[in-house]
Every structure is written in structure tokens, then in C-alpha cells.
């Protein structure tokens, strides 16, 4: 059979491992995995058919994902050897780091030092990491008498015919997706004592040869902790517990509890705004598919209960004229950069409104690329407050002329705290992407392939314009719902199944499809009509589309 690798055609015997035909290139490029016929494959993968093959390193998002999982694997291995009674869990992703803790032990400097030394030994030894599979009957026998949940969730999945585990020496663990083929690949990392546990730091995509500077996200961490504590109280730390609740018919109670948490938090934010008597402007920002529209509507209700009437202004009506709009490195108009906004006019109008004057608000004509004035006049009453939503709202350069005490900034994001199991976390970005796929299909007529193809560009804009300013927020709102992927599953999976392996995005579609497969489905009919999740699946009481 023939394999096309870059510009070369290689004759390969069926069953040959990728590493056996490309070992020199793998070492030279520090490759961690491969893409074969648009699927991500281990370097141990045995080629069975002709196709296209490329190597990937950790500058690639799939490569970074594999690297992170590999680090978790070897640290889990070190912990089990040193402290077999410890129950390690991965909590959150923070600034090119994973935050882990022991849920049954306190972590001190001595423990961290011991883990560091053991991990260094494992890396230097360059032990092979191998994936082994067994039938479900063999797996039941394997787990009998073992007090572990690692990989056990696979037994409950009707779609899985086999149970797979990764092994290194006598240690085993489960990770969905690919792991590196040996421990020596994972040589760039740092383990730091932090918060209640420790950080596992890894390189960023901008420079894969070293660790970036660590930037603390204290407000973000507090928000994540707040939700994590609640879910611990509810005893829903992972998909396994959520599935059990769903199968037992108790999920409606948990949905109401989760929705009540949202309402309580929104009410607390509204109360805080009212306490700050000088606030006349509420600025809301967050990454794509965070539920900003529904949040703003629900916040408005709570503000009205406090005697304040929200008045909305859209930053999108204040774009500069098209011939003044900056362009990106590809020569396309960059509508997401701050310079695309007419800051001078925007601030002039805001100041006049805050001073009690009447202003004619423009409407931007995107087809022609110019502002138009259609007689839309606005004047703020004493009991009214401006509500502005946009990607730059946390950046003071958007509103440089407005006094700080008159502004209240809110960061909203879907900060997922639910894990698949102790060592397999569900990323916030993945949850937002699945929300976006469903919403784009339901209300914008886009197929999943369209959403996947433009997602990297969306994330790039967020990394440049939103995330650097999230700690500037006065309040953070976590829009995630512990049960949401179980609802989104039945909407998203058929859309992802439409993407075949002739398309580059197939590997991403397959990965998301596999992740959703761990959830027991929850009917969308169970959702309250004011649920933030209705913004994505439909049936919202609010006008959000």
C-alpha cells in the first residue's frame, strides 16, 4: 500500500507502525502524534490502508492536548507509586497549566518535591506507554476487586465493544483520545504548589520549546471554586454520577437546582450593581457561546426588581467607516480589533447620555460599511442604566473617557467544572464549541463543518481581545450548567456525524462525538423556558435570536 507523506510517496507493508517508517523525522521534528486520513493517530498506530500522513507536534492544538494528557498520565503514575492512598483529580485549566489536587489529603512542599523527583525519573527513563484493549467481559474480571474508577465508565457505554487502558510498567489509567508513545517526550513541564493542590505547567503554542510566564487568574479561580463546591455538595463531580442520576429519574431536581444557582448568582450581581450608587453603565463581555444575550435579559429582570431600568446600546453600531477599518495579516478586514470601533464617537455619545443629554444612536449598515442615522434618539432617565455588550467591554480603552466608578464590568463564560472522570476534564472551549455548533444549526442554517472551520479564528479573537482583560471584571458569571452536554448531545451528535474523513475537521468532529457519547441523554423538554441553555436549543422565553 502507498502512503503520501508530505510530498513523498512511501511503499508500506500493512501493519507497519507509523514510528517505524518515520522515526528520523519524528525525532527531528519532536512529533508527538500523526494525522492519517484526517484522524489523529498514535505514533504506534499500525497502518492498514493507503492514505495521507502528516506528523504533528505541540504547536498543533491536537498535539498540545495529547501533551497535557501525557503529563497527567506520568504525574498520576508518580503519585500512585509515592502515595497510593491519594485520590488525585484534575480540576481546572489556568494559563497554560492544569490545576490538580488530592481530594483526601493535604499537599505540602515535601509532597510536591517528591512528586517532582519521581516525575523527573519517569521522564528520563523514557518508559514506553502502550494502549491495551480487552473485551467487556475481560474488563469486568479485571476490575473485580480493584478499588478504582479509572476507565470503568467504558463498561456502561453501549457504543463501546471494548475497554481500553493505557499502561506504563505496572501503572494503568484511562484517557479518551491519544497519549504519547513514551514518557521521555514529556520533557518540558513544571510542577508548582498552588491553591489547594499543584499546577502542571506546559508550553504554549507560541513557543513550544519553553514554559511561558505564569499569570495568575485569581477572580477566575474563585468563580471556578464557587461552582465546584456546589457540585461537590450535590455529589456530581463527574459524568458517571450525572448518568446515574439521569438513569434513576432524578435529573429534573438537579436541573432545577442548577438553574436556581444561576438565578441566585444573577440576583447577587444585580444587588452589587445597585449598591454601587454611581454606576450608570454595565459592560458585559465573554467568549463566543457564553450565553451573553440570555444573561443580559435575566440580569435586566433582577435590576428592575431593584428599581433600575436597563437600556441597551450595541457597540456594533459604532464601527469605523469601512475604508478606515484595519486589515489583518491576510489582507481581510479585521472587525474584532479595537481599532475597528469609532472610539471617539462612541465615548462622546456615552458622555452625553450620562450627562442627561439626548443622543441620536447610529445604525451601522454592514452591506455598505457606513453608519446611518434613522432618528433613533435616546435619553437616559434617572432610574435607567446603560447595558453594553461586546468583546472589548472589559478593556478600558473602549471607554477611556468614562469614570471608573460609573462602570460595572461583568465577565461571562461557560466555565465547565464537570469531569468525565478524575483525570479526564471537559474543557470550557469544547463546551462552548458544542453550544455554537447546535445554535448555528438551529438558528443560522450552518452545518457543523462551517462552525468547526471558523472556530480557530473565533478563539484567536478571544485570546487577543477578551481573555487578557477577564481579571478586570467586577463580577464573573459562570454560565455552565452541569447537565448541559447531556441535553446538547442529541442535537450535536447527528451534526458531527455528517462530517466524514475526507474533511480536515473530521478528527475534531470525531473527538467531540466521542466525548458526547459518555453522556446519558437528557430531553430538552426538561429545560425551564428561561434557561440560558434555551439560547442554543430553542424555546427561550426571551427574544434571543
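Please treat every number below as a calculation from the coordinates, not as lab data. Since the structure is predicted, the reported quantities are computational estimates derived from the model, not experimental observations. For neighbour counting, all protein chains shown are included, and Cβ atoms are generated from backbone atoms with ideal geometry for every residue, glycine included.
Based on the alpha carbon coordinates of the chain, what radius of gyration and maximum Cα-Cα distance (Dmax) apply, in Å?
Reported Rg and Dmax, both Å: 25.2, 79.
Can you order the peptides 124-135, 321-332 by their average number of other Cβ atoms within 10 Å per residue, highest first?
124-135, 321-332
Distances over 16 Å make up what percent of all Cα-Cα pairs in the stretch 171-235?
67 percent
Just to verify a number: FRET efficiency for residue 278 and residue 164, C-beta to C-beta distance, R0 = 60 Å, to 0.05?
In this case the efficiency is close to 0.55.
Between residue 304 and residue 521, what length comes free when the chain is fully extended (0.36 nm per residue of separation minus the Cα-Cα distance, one decimal in nm)?
74.5 nm
Bin all alpha-carbon pair distances of the stretch 333-479 at 10 Å intervals from 0 and give each bin's fraction as a whole percent.
Using 10 Å bins, I get a P(r) of 9, 28, 34, 22, 6, 1 for the stretch 333-479.
What Kirkwood hydrodynamic radius, in Å, does the stretch 352-433 give when the mean of 1/r is taken over all pairs of distinct Cα atoms and then inverted?
Final number for the Kirkwood radius of the stretch 352-433 is 16.8 Å.
Give me 241, 358 sorted ascending by neighbouring Cβ count inside 10 Å, so fewest comes first.
So the residues, fewest neighbours to most, are 358, 241.
Taking the Cα centroid of the stretch 467-509 and of the stretch 378-407, what is the distance between the two, rounded to the nearest whole Å?
Answer, in whole Å: 30.
Can you put 411, 174 in order, fewest other beta carbons within 10 Å first?
By the 10 Å Cβ count, ascending, the order reads 174, 411.
Would you calculate the separation in nanometres between label points at residue 311 and residue 103, each defined as 7 Å from the Cα along the Cα-to-beta-carbon direction?
Between residue 311 and residue 103, the simple spin-label model gives 5.0 nm.
Report the extension gain between residue 263 and residue 136 in nm, rounded to one decimal, defined as 0.36 nm multiplied by the number of residues separating them, less their alpha carbon distance.
41.4 nm
Quick check on the stretch 199-277: take the gyration tensor over C-alpha atoms, sort the square-rooted eigenvalues as a ≥ b ≥ c, and tell me if it's rounded (a/c under 1.5), prolate or oblate.
It is oblate, given that a/c is not under 1.5 and a/b is not larger than b/c.
For a bin width of 5 Å, list the pair-distance distribution of the stretch 264-400 built from all Cα-Cα distances, rounded to whole %.
Result, from short to long distances: 2, 9, 18, 20, 20, 16, 8, 5, 2, 0 percent.
Can you put 146, 201 in order of Cβ neighbours within 10 angstrom, beginning with the fewest?
So the ranking, lowest neighbour count to highest, is 146, 201.
Which value at 222 nm does the chain reach when only helices count, each DSSP H run of 4 or more adding -39,500 (n - 2.57), with the total divided by all residues and rounded to the nearest 500 deg cm²/dmol?
Only helices count here, giving -11500 deg cm²/dmol.
Between the stretch 212-232 and the stretch 105-129, what is the separation of their alpha carbon centroids in Å?
So the two Cα centres are separated by 25 Å.
Over all distinct Cα pairs, what is the inverse of the mean 1/r for the stretch 44-124, reported as the Kirkwood hydrodynamic radius in Å?
It works out to 14.9 Å.
By per-residue mean of other Cβ atoms within 10 Å, what is the highest-first order of 18-24, 469-475, 507-513?
My ranking of the peptides, most packed first, is 507-513, 469-475, 18-24.
For residue 453 and residue 206 in one chain, what is 0.36 nm times their gap in residues minus the Cα-Cα distance, to one decimal in nm?
86.8 nm
Mind running the shape call on the stretch 144-264? Use the C-alpha gyration tensor, a ≥ b ≥ c as the square roots of the eigenvalues: rounded below 1.5 for a/c, prolate if a/b tops b/c, oblate otherwise.
oblate
Helix 109-125 versus the longest principal axis of the chain: what angle, 0 to 90°, nearest 10, using Cα atoms?
Tilt of helix 109-125: around 50 degrees.
So what are the stretch 62-215's ellipsoid semi-axes, whole angstrom, largest first, if each one is the square root of 5 times an eigenvalue of the alpha-carbon gyration tensor?
Ellipsoid semi-axes (Å, largest first): 27, 18, 15.
Taking Cα pairs under 8 Å and at least six residues apart, what relative contact order does the chain come out at, in percent?
After rounding, I find 15 percent.
Where in the stretch 232-259 does the label zone of residue 143 land, with the point 7 angstrom along Cα→C-beta and an amide N cut-off under 17 Å?
It comes to 237-248, nothing else.
Going 7 Å from the Cα of residue 344 along its beta-carbon direction, which residues of the stretch 310-324 have the amide nitrogen within less than 12 Å of the resulting point?
Label zone hits: 321.
Using a Förster radius of 30 Å, what is the FRET efficiency between residue 401 and residue 216 based on their Cβ-Cβ separation? Nearest 0.05, please.
The formula returns an efficiency of 0.50 here.
Treating the angle as unsigned and between 0 and 90°, give the value, to the nearest 10°, between the Cα long axis of helix 251-275 and the longest Cα principal axis of the chain.
It is inclined by approximately 40 degrees.
Specify the inter-centroid distance of the stretch 1-57 and the stretch 418-456, based on alpha-carbon positions, in whole Å.
29 Å
I need the calculated FRET efficiency for the pair residue 52 and residue 363, taking r as the beta carbon distance and R₀ as 51 Å, to the nearest 0.05.
FRET efficiency, residue 52 to residue 363: 0.60.
Which shape class, rounded, prolate or oblate, goes with the stretch 2-57 when its Cα gyration tensor gives a ≥ b ≥ c as root eigenvalues, a/c under 1.5 marks rounded, and past that a/b bigger than b/c marks prolate?
Since a/c stays below 1.5, the shape of the stretch 2-57 is classed as rounded.
Compute the label zone of residue 427 within the stretch 265-302: residues whose backbone N is under 17 Å from the point 7 Å along Cα-to-Cβ.
Residues 287-290 fall inside that zone.
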